[in-house]
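Asker: One structure is given below, represented as structure tokens, and several questions about it will come after.
Derivation of every value follows stated rules applied to the coordinates shown; laboratory data play no part. It should be emphasised that the depicted structure is a prediction, and the values quoted were computed from it without experimental measurement. Ideal geometry is used to build each Cβ from the backbone, glycine not excepted, and the neighbour counts take in all protein chains shown.
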Amino acid sequence: MTPEELKEYLGQLAQRRLTLSTMIWGPPGVGKSSIVAQIAQECSIGFVDVRLSQLAPTDLRGLPVAEDGVSRWYPPEFLPGEGEGILFLDEINMAPPAMQGVSQQLILDRRVGSYRVPEGWLIWSAGNRKEDYAAVYNMPAPLGNRFIHLEVTPDFDSFKAYALSRGIHEQLMAFLSYRPALLFQFDPQQSAWPSPRSWMMASELHGAGLDIAPSVGLGPATEFLSFVELYQQIPDLKAILSGVGKPDFPEEPSSCYAVVLGLTSRCRGAEQAHNAFGWLVEHAGAEWVQLFASDLFRLLRQRGQMGSLAKLLSRDSRMKAFLQDYKEMLGL
């Protein structure tokens, strides 16, 4: 499933408080851990991230302490003691067999030693697959049979929705819209290769004026530099958003992506969105208007600005055909 589909599925599990142990499989850098963290935040519940590959069995089981001639196990402080939330056992299949054996009791019986997982907590896990060249161990069959298994794969539309909401650099987003095949290209022979996670790191590097090759690899970085040179030749986006610029829409596809994603990234309110729509409707093809609409509407909904934009568009005579096609998306 795509990251968006995974998030929807996990969101249903969390909202319904289904205490089914869940295993998320997928390649590195696809966003497994961040999706689980987002679910916890959106559901306003606790989140405990435990990296089992970094622990020894005693770290999870706790330490024996003598009390009145009886040995009692004191659980570690990082395990939840009350409330509700997600206990996330990350990198579970990178943990050695002895560690997986201890975690098996936690997952199967919701307890380990004298510790019991509070009823309101969900137990989810994640791990890479053998084909990802990760240093993983086989998961014991009894443990695997207690999980529901979900597999996530890279998906550009899911990444774009996430990246735009996190303020990814507009030039990187425009480049990946033009070259979506470069979103994920796993190369076990290279230290740096492109993935959703490494592109988000590349955004920070590029914003600081640094080379992005250490994050995504030399090949993708070289292509991106060529795209940036082209980016300098696109129309004045600031003038378009302000409503004073009426340049022609570019013809070269890479420039078209640069303009549309640049407008999306820079748009800060309903007035600027209205100006950009007016220009695109008059100068660009329907496919570019649709691309702008699908990305921008998602952002404006998150900001609570869709109602203001809908009012502005409904008063604009130029938008009749556009409104007919998109009135459901606009909520009209």
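Asker: Remind me, relative contact order of the chain in percent, using alpha carbon pairs under 8 angstrom and six or more residues apart?
Answerer: Computed value for the chain: 15 percent relative contact order.
Asker: For region 241-316, state which GluC sites (Glu not before Pro) are in a DSSP loop and have at most 15 other beta carbons lying within 10 Å of their beta carbon.
Answerer: Taking region 241-316 and a limit of 15 other Cβ atoms within 10 Å, the loop GluC sites (Glu not before Pro) found are 251.
Asker: Just name one of 230, 161, 180: the one whose Cα is farthest towards the positive end of the charge dipole of region 156-330 (beta-carbon charges, Lys/Arg +1, Asp/Glu -1).
Answerer: The one lying farthest along the dipole's positive direction is 161.
Asker: If contacts are Cα pairs under 8 angstrom and at least 6 residues apart, what is the relative contact order of region 3-151 in percent?
Answerer: 34
Asker: Hey, another quick one. Over 18 Å between Cα atoms, which of 7/160; 7/130; 7/32; 32/130 qualify?
Answerer: Details: 7/160 15 Å; 7/130 23 Å; 7/32 9 Å; 32/130 16 Å.
From 7/160; 7/130; 7/32; 32/130, over 18 Å: 7/130.
Asker: Filter the trypsin sites (Lys or Arg not before Pro) in region 208-268 down to the DSSP loop ones having no more than 12 other Cβ atoms within 10 Å, then list what survives.
Answerer: Those satisfying the criteria are 268.
Asker: While we're looking at this one, here's another question. List, largest first, the extents of the alpha carbons of region 3-151 along their principal axes, each in whole Å.
Answerer: 54, 35, 23
Asker: For residue 316 and residue 244 in one chain, what is 0.36 nm times their gap in residues minus the Cα-Cα distance, to one decimal in nm?
Answerer: In short, 24.3 nm is gained.
Asker: Let me ask another. Taking 0.36 nm per residue of sequence separation and subtracting the Cα-Cα distance, how much length would be gained by fully extending the chain between residue 294 and residue 226, in nm to one decimal?
Answerer: On the way: separation 68, 0.36 × 68 = 24.48 nm, distance 2.70 nm.
Computed gain between residue 294 and residue 226 is 21.8 nm.
Asker: What is region 220-298's relative contact order, in percent, from Cα pairs under 8 angstrom and six or more apart in sequence?
Answerer: Numbers: 54 pairs, mean separation 24.1, N = 79.
After rounding, I find 31 percent.
Asker: Roughly what % of DSSP beta bridges within the chain run antiparallel, to the nearest 5?
Answerer: Details: 7 of 27 bridges.
Here the share of antiparallel DSSP bridges comes out near 25 percent.
Asker: If you plug each phi of region 272-281 into the Karplus form 6.51 cos²θ - 1.76 cosθ + 1.60 with θ = phi - 60°, what whole-Hz ³J(HN,Hα) values come out, in order, with x for Gly and Pro?
Answerer: 5, 4, 4, 4, 5, 4, x, 5, 5, 4
Asker: Now for a separate question. Does anyone have the angle between helix 218-231 and the longest principal axis of the chain? Alpha-carbon axes, 0 to 90°, nearest 10?
Answerer: 30
Asker: Ok, one more. If you line up the long axis of helix 196-207 against the longest principal axis of the chain, both from Cα atoms, how many degrees apart are they, to the nearest 10?
Answerer: 60
Asker: Roughly how tilted is helix 32-42, in degrees to the nearest 10 and between 0 and 90, from the longest Cα axis of the chain?
Answerer: Taking Cα atoms only, the helix is inclined about 80 degrees.
Asker: Can you compute 3J(HN,Hα) from phi for each residue in region 157-163, using the Karplus curve 6.51 cos²θ - 1.76 cosθ + 1.60 with θ = phi - 60°, rounded to whole Hz and x for Gly and Pro?
Answerer: 4, 5, 5, 4, 4, 5, 5
Asker: Please compute the volume of the convex hull spanned by the alpha-carbon atoms of the chain and report it per residue in Å³.
Answerer: 154
Asker: Placing +1 at every Lys and Arg Cβ and -1 at every Asp and Glu Cβ, with all other atoms neutral, what dipole size does the chain have around its Cα centre, in debye to the nearest 20?
Answerer: For this selection, approximately 740 debye.
Asker: Then there is this: Long-range amide H contacts for residue 85: which residues qualify at under 5 Å (H placed 1.01 Å from N, peptide plane, sequence gap of 5 or more or a different chain)?
Answerer: 46, 121, 122
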